[in-house]
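Nothing in this text is a laboratory measurement; each read-out follows from the coordinates by a stated rule. Predicted model, so just to flag it, every value in this text is computed and none were measured. FYI the Cβ positions are ideal-geometry reconstructions off the backbone, even for glycines, and counts take in every protein chain you see.
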Amino acid sequence: MQADRYIKVMLTIIAVCLLSLVLGQFIVAPTVRAQAPALTRPFPTVIAGTDFGFRIDGWQVGKPIIGTLLVKVNGQWREVQASPKVTPAISVPEPASR
């Protein structure tokens, strides 16, 4: 008699576990699908002015846009690289000492 009760309890526990897994899938699956992957376009989109631009490389909903700064040189867009040192484009003569 005790063994029959033990088997019923174990089968009930297994049934509850399986039922919770199946119901959990219906609760969790829509949440996982709602997380959008990075969206990319087949061609790069450039948001630009006359000489400066920003190429959108991808984005995710609710997160910052990922991209590259661009500069137009001789009619072609070139990527910008950050420089840790600022160098003047024109030499400025030293003031004459008196």
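At a Förster radius of 30 Å, what calculated FRET efficiency corresponds to the Cβ-Cβ distance of GLN81 and ALA48, to the nearest 0.05? For GLN81 and ALA48, the calculated efficiency is 0.95.
Note on ASP4 and LEU23: their simple-model spin labels are 2.9 nm apart, each label 7 Å out from Cα toward Cβ. For the peptides 67-78, 4-15, residues were scored by their other Cβ atoms within 10 Å and the scores averaged per peptide; the highest-first order is 67-78, 4-15.
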